[in-house]
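Peer 1: Sharing a structure here in structure tokens format.
Just so it is clear, none of the values below were taken in a lab; they were calculated from the coordinates. Predicted model, so just to flag it, every value in this text is computed and none were measured. Please note: Cβ atoms are built from the backbone with ideal geometry, for glycine as well, and neighbour counts cover all protein chains shown.
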Amino acid sequence: MIMRIFQVVTRPGKEAEFAKFFHETAIPLMKGTEGIVSVLPGAPRPDSPGEFSFVMVWKDLDALKAFAGEEYQNPHIDPAEAELVESRTIKHYDLVES
């Protein structure tokens, strides 16, 4: 399984607008995506306003590529959120099961 960590920093003043998108669009979309085993959305804490994240566990690389394409290593965003986002990062790991 593949663990994918996606992090977003919003533009100053766009936190509330992005939070609405995050809760109403992004979380339901990711939870309903074929090939995802687990989705853990993270909202900002007081010491990091504007920082949102997803930790996703994908069944395998093929499932991830079916969602994100061959360039899955590049962070993609929905066009609806593009003007709200200052920066984004993405990392992938092989999941270590305990």
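Quick grid of which residues meet (1) touching a residue at least 40 places away in the same chain (Cβ under 8 Å); (2) in contact with a helix residue (DSSP H, G or I) (Cβ under 8 Å, 6 or more places away or on another chain):
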residue	(1), (2)
Arg4	yes, yes
Phe18	yes, yes
Phe22	no, no
Thr25	yes, yes
Lys31	no, no
Ile36	no, yes
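Peer 1: Could you list all residues from region 43-53 that are under 12 Å from the mean Cα position of the chain (by Cα) and surrounded by 14 or more Cβ atoms within 10 Å (Cβ to Cβ)?
Peer 2: Applying the first criterion (under 12 Å from the mean Cα position of the chain (by Cα)) to region 43-53 yields 43, 51-53.
Glu51, Phe52, Ser53, listed by residue number.
Peer 1: Mind checking which residues of region 59-95 are surrounded by 10 or more Cβ atoms within 10 Å (Cβ to Cβ), under 28 Å from Glu17 (Cα atoms) and of a type in the set (A, V, I, L, M)?
Peer 2: Residues satisfying the conditions are Leu64, Ala68, Ile77, Ala80, Leu84, Val85, Ile90.
Peer 1: Output yes when any residue across region 3-23 is hydroxyl-bearing (Ser, Thr, Tyr), surrounded by fewer than 16 Cβ atoms within 10 Å (Cβ to Cβ) and on the phi < 0 side of the Ramachandran plot, and no when none is.
Peer 2: Within region 3-23 (the criterion being hydroxyl-bearing (Ser, Thr, Tyr), surrounded by fewer than 16 Cβ atoms within 10 Å (Cβ to Cβ) and on the phi < 0 side of the Ramachandran plot), the answer is no, since none of the residues qualifies.
Peer 1: In region 23-64, which residues are farther than 20 Å from Glu97 by Cα and among the hydrophobic types (A, V, I, L, M, F, W, C)?
Peer 2: Ala26, Ile27, Leu29, Met30, Ala43, Phe52
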